[in-house]
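Here the structure comes first, spelled out in structure tokens, and everything after it is commentary.
The values are calculated or read from the model by the stated rules, or taken from the named source; none is laboratory data. Worth saying up front: this structure is predicted, and the values here are computed from it rather than measured. Here the Cβ positions follow ideal geometry from the backbone for every residue, glycine too, while neighbour counts run over all protein chains shown. Surface areas here come from the heavy atoms of the whole protein model, side chains and all, with no ligands, DNA or RNA. Shrake-Rupley method; radii C 1.70, N 1.55, O 1.52, S 1.80 Å.
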Amino acid sequence: MDDLILKQTKAFILKRFQYDATGHDFAHMERVAKMSNYLARKENVDCFLAEMAGWLHDVTDAKLTDHPNNAEKELLEFLHTQSLTPIQINTIIDAIDTVSFRKGKKPNSIIGQVVQDADRLDAIGAIGIARAFSFGGNKNRPIYSEIPKEKELSTIQHFYDKLLLIKDKLHTDTAKQIASERHAFMEQYLNQFFKEWNLI
Ligand code: ADP
Ligand code: NI
């Protein structure tokens, strides 16, 4: 039964996020779903509910939809078409509500923590770097600049504002371990970036 629900959830998300170009495409949802499942297994919590919340974590995100209330309604309608108990639905919704970095809320359930960790892990390392430049390009932001006004808006600045801080904001030990390699890779990347920028 769980497998069927996951399959239908994947199809629901594919329809919803197929055309996104802000780093929130279907592949992001898939990576967060799989990482949520993995972290949940390592942390001894419900892998199925964690994976469900991973797939669905950006559906109601205010910046990805013009109508967050409609998105919330659509999500609830979808969940009610599945063979889930009210407690399972509540757990999924509660986890999703606390995922966003910008909302800055602290997840009160371990499943919320797992999904928030999985989402944040996807913002760092090689994939995180790719997503940041994709997001910046989509918003017409400069890669980097030495002109203060442009520098502030640049994608390189985003590393210092957010990406390099992520490793210290994670909840689970498993995510912290995964983050350490990804963090070191971003530091190495920035060193190389500035080496090339300042070459002549
Ligand atoms: P969330 O994953 O919680 O929805 P965001 O929408 O802030 O958080 O981030 C989604 C992706 O877009 C991340 O990979 C993030 O690094 C990137 N991103 C967000 N804001 C910026 C920005 N100002 N410049 C470059 N990349 C950004
Ligand atoms: Ni996300």
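Quick one: would you say L153 is within 9 Å of ligand 1 (Cβ to nearest atom) and over 30 Å from L75 (Cβ atoms)? Criteria met by L153. Being part of a loop (DSSP other than H, G, I, E, B) and open to solvent by 10 Å² or more (accessible area, probe 1.4 Å): is that true of L199 here? For L199, the condition - part of a loop (DSSP other than H, G, I, E, B) and open to solvent by 10 Å² or more (accessible area, probe 1.4 Å) - is met. Residues in the stretch 122-176 that are aromatic (F, W, Y), modelled with pLDDT of 95 or more and outside any loop (DSSP other than H, G, I, E, B): 3 in all. Looking only at the stretch 26-70, filter to residues that are out of contact with any Gly (no Cβ under 7 Å at 6 or more places or on another chain) and among the β-branched types (V, I, T); which one of those is nearest to D97 (Cα to Cα)? Checking each candidate, the answer is T60. For E181, state whether it is more than 29 Å from V115 (Cβ to Cβ) and of a type outside the set (S, T, Y). In short, no. Cβ-Cβ contacts under 9 Å between residues 6 or more apart (or on different chains), taken from a first residue in the stretch 118-141 that is at positive phi to a second residue that is more than 8 Å from ligand 1 (Cβ to nearest atom), are listed as G125/I178; G125/A179; G125/E181; G125/R182; G125/H183; G125/F185; G125/M186. For the stretch 44-78, the set of residues classified as part of a helix (DSSP H, G or I) and surrounded by 19 or more Cβ atoms within 10 Å (Cβ to Cβ) consists of C47, L49, A50, E51, M52, A53, G54, W55, L56, L75, listed by residue number. How about the stretch 31-43: which of its residues are surrounded by fewer than 17 Cβ atoms within 10 Å (Cβ to Cβ) and more than 15 Å from the chain's Cα centre (by Cα)? Those that are surrounded by fewer than 17 Cβ atoms within 10 Å (Cβ to Cβ) and more than 15 Å from the chain's Cα centre (by Cα): R41, K42. Name every residue in the stretch 99-116 that is surrounded by fewer than 23 Cβ atoms within 10 Å (Cβ to Cβ) and either modelled with pLDDT of 80 or more or closer than 14 Å to A40 by Cα (or both), in order of residue number. S109, I110, listed by residue number. Of the candidates I96, I92, the single residue that is under 11 Å from G112 (Cα atoms), in a helix (DSSP H, G or I), within 16 Å of ligand 2 (Cβ to nearest atom) and at pLDDT 95 or above is I92.
This table checks each residue for (1) open to solvent by less than 40 Å² (accessible area, probe 1.4 Å); (2) touching a residue at least 12 places away in the same chain (Cβ under 8 Å); (3) within 16 Å of ligand 1 (Cβ to nearest atom).
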residue: A11; (1), (2), (3): no, no, no
residue: R16; (1), (2), (3): no, yes, yes
residue: G23; (1), (2), (3): yes, yes, yes
residue: M29; (1), (2), (3): yes, yes, yes
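Taking the conditions (1) farther than 21 Å from H28 by Cβ; (2) buried (at least 20 other Cβ atoms within 10 Å of the Cβ) in turn, A184 satisfies each one other than (2).
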